Amino acid sequence: MELGLIGYPVQHSKSPWIHQHFLSETNLTGNYQLIEIHPDQFDEEIMKLKASDLSGFNVTIPYKEKIIPYLDEISPAAQKIGAVNTVVCRNNRWYGDNTDGRGLVTALKEQFPELFTGDKSVLILGAGGASRGIYYALLNEEFEEIVIANRTVIRAQALIDANPSGISSAAISFSEAEAKLNQFDLVIQTTSVGMTPHIEEQVIDLSRLKPGAVVSDIVYQPFWTKLLRDAKARGGRVHHGHEMLIYQAKLAFEMWSGKQVNAKLLKDKLKHDLL
Ligand code: ATR
């Protein structure tokens, strides 16, 4: 099975390592290649890929939106999120989906099933591309309420307005989020704040964190972001950024191969690599 990743730049991606593990685990022969495409050559290079024998590929920055017009079909989730991270190539047709948000939610549900009982409140920090995918995936679950806090509050409000649902939602500022933090059972950090080399940055203060609340950060470098260190010190439970990385890959690989893979073993390996 020929697989790959398109983006610019792509050299530092962990995806080849992850998917080579999944290929070995499923006894499938194949390869996962890094396909770096310069923005000036996007159209020509995509046409070459269309004519190649790829079974599927991932899409990363800056092409998650740009790939959409080249697809033959798109999932309702990717359509709504406005971004594609996984393309399945079958019978010369390209089908685009987005497994990022679903990946994070699957990982959270496996580790903290008690959060998904319908009476819990979630706070999402950030309202960009990553947040859109995560919010969309959370709306398919049972929650009491989902609140989105963002530096630019109207962006959070726009995200809520674009996704009418039966779950109570609100857009708030970071200072409001800090003030009412003790009402949330799950806090999901979706911005790039705290990522290497800015490891001493933290998007909100956690002084009022509810005891036992779960704090999930999608930043995986460093493994212990300042936010997660703070959450742990205040008696919170933490969920690290490598979880989303592995689970979005698991869901993509399962779409390409039709086989189930075990993310848990790989998660521990990646953790050791990142620490
Ligand atoms: P991505 O696709 O990675 O989510 P994005 O769409 O550019 O990237 O969104 C970035 C998110 O991080 C946004 O929520 C952004 O806040 P704004 O909407 O106010 O711009 C947030 N963000 C980025 N840098 C930030 C910072 N220094 N402090 C607070 N929020 C930040």
*Among the residues of region 52-70, is there at least one that is in contact with a strand residue (DSSP E or B) (Cβ under 8 Å, 6 or more places away or on another chain), assigned to a loop (DSSP other than H, G, I, E, B) and basic (K, R)?*
no
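Test S52 against the criterion of being hydroxyl-bearing (S, T, Y) and within 27 Å of K267 (Cβ to Cβ), and give yes or no.
Answer is no for this residue.
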*Counting only residues that are within 16 Å of the ligand (Cβ to nearest atom) and free of Cβ contacts under 8 Å to residues at least 60 places away in the same chain, which one in region 155-168 is farthest from G241 (Cα to Cα)?*
D161
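Out of K80, K50, K14, which single residue is outside the structural domain of I134 (by TED's automatic domain parsing), basic (K, R) and within 16 Å of the ligand (Cβ to nearest atom)? Explain how you work it out, then say what you get.
Values: K50 fails: within 16 Å of the ligand (Cβ to nearest atom); K14 fails: within 16 Å of the ligand (Cβ to nearest atom).
None of the other options fit; the residue is K80.
Considering region 183-194 alone, what residues qualify as being in a loop (DSSP other than H, G, I, E, B) and more than 10 Å from the ligand (Cβ to nearest atom)? Don't jump to the end; show me each part of the working.
Start the filter on region 183-194 by keeping residues that are in a loop (DSSP other than H, G, I, E, B), which leaves 184-185, 190-194.
Of everything in region 183-194, those that are in a loop (DSSP other than H, G, I, E, B) and more than 10 Å from the ligand (Cβ to nearest atom) turn out to be F184, D185.
Rundown of residues vs (1) of a type in the set (A, V, I, L, M); (2) assigned by TED's automatic domain parsing to the domain that holds E114; (3) within 16 Å of the ligand (Cβ to nearest atom); (4) surrounded by fewer than 14 Cβ atoms within 10 Å (Cβ to Cβ), yes/no style:
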site: D205; (1), (2), (3), (4): no, yes, yes, no
site: R208; (1), (2), (3), (4): no, yes, no, no
site: P211; (1), (2), (3), (4): no, yes, no, yes
site: Y220; (1), (2), (3), (4): no, yes, yes, no
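Any chance you could count how many residues in region 39-59 are out of contact with any helix residue (DSSP H, G or I) (no Cβ under 8 Å at 6 or more places or on another chain) and not aliphatic (A, V, I, L, M)? Step through it out loud before you land on a result.
Residues of region 39-59 out of contact with any helix residue (DSSP H, G or I) (no Cβ under 8 Å at 6 or more places or on another chain): 39-45, 47-49, 51-54, 59.
After this cut, where a residue has to be not aliphatic (A, V, I, L, M) as well, the list is 39-45, 48, 52-53.
Count: 10.
For every residue, the table says whether it meets (1) more than 10 Å from the ligand (Cβ to nearest atom); (2) under 19 Å from the mean Cα position of the chain (by Cα); (3) in the same structural domain as G82 (by TED's automatic domain parsing).
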| residue | (1), (2), (3) |
| --- | --- |
| A137 | yes, yes, no |
| V147 | yes, yes, no |
| N150 | no, yes, no |
| A170 | yes, no, no |
| F174 | no, no, no |
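Just to check your reading of the model, which residue among Y63, Y95, Y70 is within 15 Å of the ligand (Cβ to nearest atom), farther than 22 Å from A158 by Cα and of a type outside the set (V, I, T)?
On the way: Y95 fails: within 15 Å of the ligand (Cβ to nearest atom); Y70 fails: within 15 Å of the ligand (Cβ to nearest atom).
Only one candidate qualifies: Y63.
Please pick out the residue among K264, K259, K250 that is away from the ligand (no atom under 16 Å from the Cβ), assigned by TED's automatic domain parsing to the domain that holds V59 and in a loop (DSSP other than H, G, I, E, B). Working first, answer last.
Details: K264 fails: in a loop (DSSP other than H, G, I, E, B); K250 fails: in a loop (DSSP other than H, G, I, E, B).
Criteria check complete, one pass: K259.
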*Answer yes or no: is there a residue in region 51-60 that is exposed (fewer than 14 other Cβ atoms within 10 Å of the Cβ), over 21 Å from D273 (Cα atoms), in contact (Cβ under 8 Å) with a residue 12 or more places away in the chain and among the charged types (D, E, K, R).*
yes
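I'd like to know if region 240-247 contains one or more residues that are assigned to a loop (DSSP other than H, G, I, E, B) and surrounded by fewer than 16 Cβ atoms within 10 Å (Cβ to Cβ).
Keep residues of region 240-247 that are assigned to a loop (DSSP other than H, G, I, E, B), which gives 240-241.
The next check asks that each one be surrounded by fewer than 16 Cβ atoms within 10 Å (Cβ to Cβ); those that pass are none.
For region 240-247, residues assigned to a loop (DSSP other than H, G, I, E, B) and surrounded by fewer than 16 Cβ atoms within 10 Å (Cβ to Cβ): absent.
May I ask you to say which residue of V215, V203 is touching a strand residue (DSSP E or B) at 6+ places or on another chain (Cβ under 6 Å) and farther than 22 Å from D268 by Cα? So that I can check it myself, show each step before the final result.
On the way: V215 fails: farther than 22 Å from D268 by Cα.
Answer to the selection: V203.
The values are calculated or read from the model by the stated rules, or taken from the named source; none is laboratory data. Note that the structure is a prediction, hence the values are computed from the model and not measured. Glycine gets a Cβ as well: all are built from the backbone with ideal geometry, and neighbour counts include every protein chain shown.
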